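The values are calculated or read from the model by the stated rules, or taken from the named source; none is laboratory data. Every value quoted in this text rests on a predicted model; they were computed, and no experiment measured them. Cβ: placed from backbone, ideal geometry, glycine included. Neighbour counts: every protein chain shown.
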Amino acid sequence: MKRMIVAPSMLSADFANLGKDIDLVNQNGDIFHLDIMDGVFVPNISYGTPVIKAITARATIPVEAHLMIVEPQKFLKDYKEMGIGSISVHYEACTHLDRVVNQIKELGMKAGVAINPHTSVNLLEDIVKVSDYILVMSVNPGFGGQKFIPYTTQKIRDLKKIIQDNNPKCLIEVDGGVGLNNIEELARTGADVVVAGNAVFSSKNPAETIKKLQGLL
């Protein structure tokens, strides 16, 4: 299996012992993944500014934010100032998606576009050209611990071809239901980055699980 980039999702961390889990990810992961929800775009609310600042202040590896919110363009500068290095916004939430992607890049951050399970990758042919990564949701966003949606694997294959034809440097990130049971298939189909929450933080040995997901064990 190729070396995968693993982004542990802090939504599944132990918030009573957050410092311990931040250190775990610093020592073993590749990227911190922060799911930011507003209760409007998705039917849930996650953590706010104090928790984000606590993570970025202690992080020694890059931090990315997945904005599951309406009107994300209003908050891009704020997240930059909090120490976020990459931001993904949803195709479904942005009327002027190209403008928002370029705003993220102008702030010096990497720009990603996230898509819900029902959204076709064929809609991304143009935006791929200016994106650093595409975040493919393999569950319906808003809650952790859901099962991987099987048709996602074909979406990844189709997206890989679109990327190869338009912007080979663009990465494919997969979020939702990722675990040791499907990591090899995701690697084969073209995923470059995987977000893993419960698979990491609910395992008996989270550090070992991260290494296995990376393909290092």
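Touching an Asp or Glu at 6+ places or on another chain (Cβ under 9 Å), assigned to a helix (DSSP H, G or I) and over 19 Å from SER86 (Cβ atoms): which single residue out of ILE156, ILE162 fits that description?
ILE162
Being closer than 22 Å to LYS20 by Cβ and crowded, with 20+ Cβ neighbours inside 10 Å is the requirement here; does ILE183 meet it? Let's see the steps before the verdict.
Details: closer than 22 Å to LYS20 by Cβ: no; crowded, with 20+ Cβ neighbours inside 10 Å: yes.
So ILE183 fails the test.
Taking into account only those residues within the range 183-198 that are among the aliphatic types (A, V, I, L, M) and not in a helix (DSSP H, G or I), which is nearest to GLY145 (Cα to Cα)?
Start the filter on the range 183-198 by keeping residues that are among the aliphatic types (A, V, I, L, M), which leaves 183, 186-187, 191, 193-196.
Cutting the leftovers down to not in a helix (DSSP H, G or I) gives us 191, 193-196.
Values: ALA191: 20, VAL193: 18, VAL194: 15, VAL195: 12, ALA196: 10 Å.
In this case the residue turns out to be ALA196.
Here are ILE31, ILE45: which of them is among the β-branched types (Val, Ile, Thr), in contact (Cβ under 8 Å) with a residue 60 or more places away in the chain and out of contact with any helix residue (DSSP H, G or I) (no Cβ under 8 Å at 6 or more places or on another chain)?
Numbers: ILE45 fails: in contact (Cβ under 8 Å) with a residue 60 or more places away in the chain.
Result of the check over ILE31, ILE45: ILE31.
Since GLY39 meets every condition but one in (1) touching a strand residue (DSSP E or B) at 6+ places or on another chain (Cβ under 8 Å); (2) buried (at least 20 other Cβ atoms within 10 Å of the Cβ), which condition does it not meet?
Result: GLY39 passes all but (2).
Could you please find all residues in the range 68-102 being hydroxyl-bearing (Ser, Thr, Tyr) and closer than 13 Å to LEU34 by Cα? Break it down into steps so the answer makes sense when it comes.
Step one: filter the range 68-102 for residues hydroxyl-bearing (Ser, Thr, Tyr), giving 79, 86, 88, 91, 95.
Residues satisfying the conditions are TYR79, SER86, SER88.
Is it the case that THR119 is among the polar types (S, T, N, Q), surrounded by fewer than 18 Cβ atoms within 10 Å (Cβ to Cβ) and free of Cβ contacts under 8 Å to residues at least 12 places away in the same chain? Let's see the steps before the verdict.
On the way: among the polar types (S, T, N, Q): yes; surrounded by fewer than 18 Cβ atoms within 10 Å (Cβ to Cβ): yes; free of Cβ contacts under 8 Å to residues at least 12 places away in the same chain: no.
For THR119, the condition - among the polar types (S, T, N, Q), surrounded by fewer than 18 Cβ atoms within 10 Å (Cβ to Cβ) and free of Cβ contacts under 8 Å to residues at least 12 places away in the same chain - is not met.
Could you check the range 120-130 and list, in sequence order, the residues that are in a loop (DSSP other than H, G, I, E, B) and either among the aromatic types (Phe, Trp, Tyr) or in contact with a helix residue (DSSP H, G or I) (Cβ under 6 Å, 6 or more places away or on another chain) (or both)? Steps first, please.
Taking the range 120-130 and keeping what is in a loop (DSSP other than H, G, I, E, B), we get 120, 125-126.
Within the range 120-130, just GLU125 meets the criteria.
Might you let me know whether the range 144-151 holds any residue that is within 19 Å of ARG3 (Cβ to Cβ) and in contact (Cβ under 8 Å) with a residue 60 or more places away in the chain? Can you show your working first?
Kept after step one, since they are within 19 Å of ARG3 (Cβ to Cβ), are these residues of the range 144-151: none.
Taking every residue of the range 144-151 in turn, none turns out to be within 19 Å of ARG3 (Cβ to Cβ) and in contact (Cβ under 8 Å) with a residue 60 or more places away in the chain.
Restricting attention to the range 55-73, report how many residues are farther than 18 Å from ALA114 by Cβ, touching a Gly at 6+ places or on another chain (Cβ under 8 Å) and either in a helix (DSSP H, G or I) or not hydrophobic (A, V, I, L, M, F, W, C) (or both). Steps first, answer last, please.
Initially, the range 55-73 is screened for residues farther than 18 Å from ALA114 by Cβ, giving 55-61.
Checking the rest, the ones that are also touching a Gly at 6+ places or on another chain (Cβ under 8 Å) come to 56-59, 61.
Filter again for either in a helix (DSSP H, G or I) or not hydrophobic (A, V, I, L, M, F, W, C) (or both), leaving 56-58.
Number of matching residues: 3.
In contact (Cβ under 8 Å) with a residue 60 or more places away in the chain and surrounded by 22 or more Cβ atoms within 10 Å (Cβ to Cβ): which single residue out of LEU124, LEU135, LEU67 fits that description? First the steps, then the outcome.
Working: LEU124 fails: in contact (Cβ under 8 Å) with a residue 60 or more places away in the chain; LEU67 fails: in contact (Cβ under 8 Å) with a residue 60 or more places away in the chain.
On inspection, the qualifying residue turns out to be LEU135.
A quick yes/no check of all residues on (1) of a type outside the set (A, V, I, L, M); (2) in contact with a Phe, Trp or Tyr (Cβ under 8 Å, 6 or more places away or on another chain); (3) at pLDDT 95 or above:
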residue: LEU24; (1), (2), (3): no, no, yes
residue: ILE31; (1), (2), (3): no, no, yes
residue: LEU34; (1), (2), (3): no, yes, yes
residue: PHE41; (1), (2), (3): yes, no, no
residue: SER46; (1), (2), (3): yes, no, no
residue: ILE55; (1), (2), (3): no, yes, yes
residue: ARG58; (1), (2), (3): yes, no, yes
